[in-house]
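The values are calculated or read from the model by the stated rules, or taken from the named source; none is laboratory data. Nothing here was measured: the structure is a model prediction, and the numbers come from that model. Note that we place each Cβ from the backbone using ideal geometry, even for glycine, and neighbour counts take in every protein chain shown.
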Amino acid sequence: MRSVREKPRRRQAIAGVTAAGALLSGCLGMGGDPDAGTNGVAKLTAGTIAARARAAADAAPAVHLAGTVSAAGNTYSLDMRLRGDGGVGTVTAKGSTFQLLRVDTALYLKAGADFWGGTGGSADAKAAARKLGGQYVQVPPGDPAYQQFSGLTDKKLLLSDLFVLDAPVTVGDHRKVNGTKTIALAGHGGGSLDVSLQGTPYPLRYQRAGRAGTLTLSEWGQDFPLAAPDKADVLDYGKALGTAKK
């Protein structure tokens with residue numbers, strides 16, 4: 001009879017031990033290894049993490065880049081989709097928003113009449129601005145504006161700036177970018193680069209030193225349509241574009 005009574009007690013004791021073990025495991029999980037279940041790059045040196053992030057970025061055929069950048073006293077807001085052969089998106093600078101489209105070496109700009117000076121100047125200037133407003137303008141490669149704007153559609157060029165952090169660069173905090181776990185690379189000057197800890201170690205966020213802008217990167221490897229506009233929608237403004245309002 002005694003052994004019969006003990007069986008329920010033993011089962012209760014075993015259940016209690018199991019529950020305690022589960023609770024202990026949960027507590028350890030909350031304060032345990034932050035790299036559990038990740039791609040493991042956070043355990044590498046800063047230089048190795050940066051090299052892997054750069055390699056992943058270079059190998060990806062496409063990316064969506066958005067955010068702000070401050071340079072030479074100006075702040076630019078970017079929302080660009082980039083590929084190796086061009087890019088498309090919008091840029092806001094000095095209160096004006098315009099679209100950029102580059103297919104191979106052909107660069108097109110599309111903006112409203114205000115961008116082209118439609119709010120001031122002579123009657124002829126206003127008429128020209130109205131003509132240009134809402135149309136794609138093909139920017140000739142020899143125009144100064146080509147160098148200025150084509151770089152904003154250049155995946156290789158824009159991504160190369162992500163890895164500019166003041167030395168020494170150290171492995172920083174575990175963070176999240178849009179719900180994805182990251183490890184931060186921290187530059188001596190205050191800038192940082194968040195690298196994904198899930199899947200491929202893509203760079204997901206770049207914060208420039210001195211609060212000079214933040215860029216987020218997403219949709220790595222996701223292709224998008226990229227084609228020149230119809231010829232009927234394109235104006236060849238020639239070198240006169242260099243004198244237009246920017």
Query - Filter result for Gly67 (assigned to a strand (DSSP E or B) and over 16 Å from Tyr146 (Cα atoms)) - result: yes
Query raised in the report: Considering the range 163-195 alone, what residues qualify as being out of contact with any helix residue (DSSP H, G or I) (no Cβ under 8 Å at 6 or more places or on another chain) and of a type in the set (S, T, N, Q)?
Result: Asn178, Thr180, Thr182, Ser192
Report summary line: Filtering the range 56-85 for residues that are free of Cβ contacts under 8 Å to residues at least 60 places away in the same chain and of a type in the set (Asp, Glu) leaves a count of 1
Requested in this report: Quickly run through the range 73-111 and pick out the residues that are more than 23 Å from the chain's Cα centre (by Cα) and at pLDDT below 95.
Outcome: Ala111
Report summary line: Considering the range 151-198, residues that are buried (at least 19 other Cβ atoms within 10 Å of the Cβ) and among the basic types (Lys, Arg), and then whichever is farthest from Ala71 (Cα to Cα), we arrive at Lys181
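Check whether at least one residue in the range 112-132 is aromatic (Phe, Trp, Tyr) and modelled with pLDDT of 90 or more, and report yes or no.
No, the conditions are met nowhere in the range 112-132.
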**Report entry** Members of the range 138-189 that are polar (S, T, N, Q) and touching a residue at least 12 places away in the same chain (Cβ under 8 Å)
**Finding:** Gln138, Gln148, Ser150, Thr153, Thr170, Asn178, Thr180, Thr182
Query - Every residue from the range 125-164 that is of a type outside the set (Gly, Ala, Ser), out of contact with any strand residue (DSSP E or B) (no Cβ under 6 Å at 6 or more places or on another chain) and assigned to a loop (DSSP other than H, G, I, E, B) - result: Pro140, Pro141, Asp143, Asp154, Val164
Query raised in the report: Right, Ala51: at pLDDT below 95 and either among the polar types (S, T, N, Q) or surrounded by fewer than 15 Cβ atoms within 10 Å (Cβ to Cβ) (or both) or not?
Result: no
Report task. Any residue in the range 218-244 that's at pLDDT 95 or above: show its pairings with residues that are surrounded by 15 or more Cβ atoms within 10 Å (Cβ to Cβ) and part of a helix (DSSP H, G or I) at Cβ separation under 9 Å, as long as the two are six or more apart or on different chains. Result -> Trp220/Ala56; Trp220/Ala57
Query raised in the report: Tally time: how many residues in the range 186-208 are more than 19 Å from Ala36 (Cα to Cα), under 16 Å from the mean Cα position of the chain (by Cα) and aliphatic (A, V, I, L, M)?
Result: 2
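Please go through the range 66-83 and give me each residue that is hydrophobic (A, V, I, L, M, F, W, C) and crowded, with 16+ Cβ neighbours inside 10 Å, ordered by number.
Within the range 66-83, Ala66, Val69, Leu78, Met80, Leu82 qualify.
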